[in-house]
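Peer 1: Right, I'll just put the structure down here and ask away after.
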Amino acid sequence: MSPRSAAGRYDESDVRIRPGKGTRPRSKRRPDHADARTAMVVGVDRGRWTCAPDDEPTARVIAMRARELGRTPVVVGDHVDLVGDTSGTEDTLARIVRVAERTSVLRRTADDTDPYERVVVANADQLVIVTALADPVPRTGFVDRCLVAAYAGGLDPVLCLTKADLADPGPFAAEYAELDLPVVVTRSDEDPAALRELLHDEVSALIGHSGVGKSTLVNALVPDAARAVGVVSGVGKGRHTSTSAVALGLPDGGWVVDTPGVRSFGLAHISPDDVVAAFGDLAAAVEDCPRGCSHLGPPADPECALDPLVESGALSAGRLEALRRVLTALRTPAWEVG
């Protein structure tokens, strides 16, 4: 049979054309991942997240962020859902498919003019501000900035004064007496039993300048803390960096989040109202303040609604003074804070 006559026996129904990628119908349905395993993020290292499945302090699963999450930020303290290989065995990799809504966030910016917020820790219950009483000398400026970040982020602040064997903690602690701020005092020659009790069954972020004794506290609170940090950071993409937080499980329950790279806070993302909102007895009063009030009082804010509270006896002058010192941290450039 000639090619011409053979061709005449076929019509268009006999020809199959494979559609191009752009014309293929795509389903909008996505898996619901009903079998996902919940976990807490305990470490981040360049595109890999170390997770503790079911918040188990000793178990570890390395995960990547699923494509459907896009660039959704995932930080230490986040509660996530994992799919894939969640056995945690060597050279396995799970996927993070969901990030739960956060109950609190510890944020900072690079400086006070930077509009980009960086979430340091999510879902922490407490921010433990570690300050040495000597060597180095304590400064209220750094503590005040940490308080601002805690109040605005929904964390309960705790002041931890270390090296009480070198100086009297009384004068510095008195600076914050009117704020109802829990104060824990530790010594380098004693076990931090009071701090351990305060951290029990809580997620607590520790922050402090270099040399204040924060690493000593972490080592006392968490046996084999150095080894645990190595496990969290050794995910095949380089060592743990100084700007990353690491969550370590406490033996008696709870987590301590070490933040070795955070030395100060840029506060560009925080307003005075964010801070005052953390004070239940004052939040309603400032609703009567004029728009844009910084609540610092005269001469900057002559119509601030907080001053009449002192005159009427509803607010102590010392409490208002302590609050305004903290609010002043919002106007003090980060580079001026020691």
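Peer 1: Specify the residue that is farthest from L282 (Cα to Cα); the eligible residues are those in segment 166-186 that are charged (D, E, K, R) and modelled with pLDDT under 95. Let's see the steps before the verdict.
Peer 2: The initial filter retains those residues of segment 166-186 that are charged (D, E, K, R), namely 168, 175, 178, 180.
Imposing the further condition that a residue be modelled with pLDDT under 95 reduces the set to 175, 178, 180.
Details: E175: 20, E178: 13, D180: 14 Å.
Applying the filter and picking the extreme gives E175.
Peer 1: Something else about it: Would you point out the residue of segment 82-92, among those that are part of a loop (DSSP other than H, G, I, E, B) and free of Cβ contacts under 8 Å to residues at least 40 places away in the same chain, that is nearest to V42 (Cα to Cα)?
Peer 2: Kept after step one, since they are part of a loop (DSSP other than H, G, I, E, B), are these residues of segment 82-92: 85-92.
When the remaining residues are screened for being free of Cβ contacts under 8 Å to residues at least 40 places away in the same chain, the result is 85, 87-92.
Details: D85: 18, S87: 16, G88: 14, T89: 17, E90: 17, D91: 18, T92: 17 Å.
Going through the qualifying residues, I end up with G88.
Peer 1: Given (1) touching a His at 6+ places or on another chain (Cβ under 9 Å); (2) surrounded by fewer than 19 Cβ atoms within 10 Å (Cβ to Cβ); (3) modelled with pLDDT of 90 or more, identify the lone condition not met by V246.
Peer 2: (2)
Peer 1: Identify, please: which residue in segment 314-331 is of a type outside the set (A, V, I, L, M, F, W, C) and part of a helix (DSSP H, G or I) and is, among those, most open to solvent (accessible area, probe 1.4 Å)? Full working, then the answer.
Peer 2: Here is the first cut: in segment 314-331, the residues of a type outside the set (A, V, I, L, M, F, W, C) are 316, 318-319, 321, 324-325, 328, 331.
If we keep only those that are part of a helix (DSSP H, G or I) too, we end up with 318-319, 321, 324-325, 328.
Numbers: G318: 27, R319: 33, E321: 133, R324: 34, R325: 65, T328: 61 Å².
Checked segment 314-331; the qualifying residue most open to solvent (accessible area, probe 1.4 Å) is E321.
Peer 1: Which of the residues belonging to segment 93-106 are in contact (Cβ under 8 Å) with a residue 12 or more places away in the chain and surrounded by fewer than 19 Cβ atoms within 10 Å (Cβ to Cβ)? Please lay out each step first, then the result.
Peer 2: First pass over segment 93-106, keeping only residues in contact (Cβ under 8 Å) with a residue 12 or more places away in the chain: 93-100, 102-106.
Passing the criteria: L93, R98, V99, A100, R102, T103.
Peer 1: Being among the acidic types (D, E), buried (at least 17 other Cβ atoms within 10 Å of the Cβ) and farther than 24 Å from M40 by Cα narrows it down to one residue among D165, D144; which is it? Working first, answer last.
Peer 2: Numbers: D165 fails: buried (at least 17 other Cβ atoms within 10 Å of the Cβ).
Checking each option against the conditions leaves just D144.
Peer 1: Has segment 270-286 got at least one residue that is over 29 Å from A39 (Cα atoms), part of a loop (DSSP other than H, G, I, E, B) and at pLDDT 90 or above?
Peer 2: No; the residues of segment 270-286 include none that is over 29 Å from A39 (Cα atoms), part of a loop (DSSP other than H, G, I, E, B) and at pLDDT 90 or above.
Peer 1: With the structure loaded, tell me whether R227 is modelled with pLDDT under 90, on the phi < 0 side of the Ramachandran plot and surrounded by fewer than 18 Cβ atoms within 10 Å (Cβ to Cβ) or whether it fails that test.
Peer 2: yes
Peer 1: Would you mind finding the one in E68, E117, E56 that is touching a strand residue (DSSP E or B) at 6+ places or on another chain (Cβ under 6 Å) and open to solvent by 60 Å² or more (accessible area, probe 1.4 Å)? Walk me through how you get there before you give the answer.
Peer 2: Values: E68 fails: touching a strand residue (DSSP E or B) at 6+ places or on another chain (Cβ under 6 Å); E56 fails: touching a strand residue (DSSP E or B) at 6+ places or on another chain (Cβ under 6 Å).
That would be E117, the only listed residue that is touching a strand residue (DSSP E or B) at 6+ places or on another chain (Cβ under 6 Å) and open to solvent by 60 Å² or more (accessible area, probe 1.4 Å).
Peer 1: Now, a different point. Tally up the residues in segment 44-58 that are part of a loop (DSSP other than H, G, I, E, B) and within 10 Å of G249 (Cα to Cα), please.
Peer 2: Step one: of segment 44-58, the residues part of a loop (DSSP other than H, G, I, E, B) are 45-48, 54-58.
From what's left, within 10 Å of G249 (Cα to Cα): 55-58.
The qualifying residues number 4.
Peer 1: Only one of (1) at pLDDT below 90; (2) surrounded by fewer than 12 Cβ atoms within 10 Å (Cβ to Cβ); (3) charged (D, E, K, R) fails for E311. Which number is that?
Peer 2: The one condition E311 does not meet is (1).
The values are calculated or read from the model by the stated rules, or taken from the named source; none is laboratory data. This one's a predicted model, so the numbers in the text were calculated from it and none came from an experiment. Neighbour counts run over all protein chains shown; Cβ positions are idealised from the backbone, glycine included. Protein only, heavy atoms only, side chains kept; ligands, DNA and RNA dropped before computing areas. Shrake-Rupley method; radii C 1.70, N 1.55, O 1.52, S 1.80 Å.
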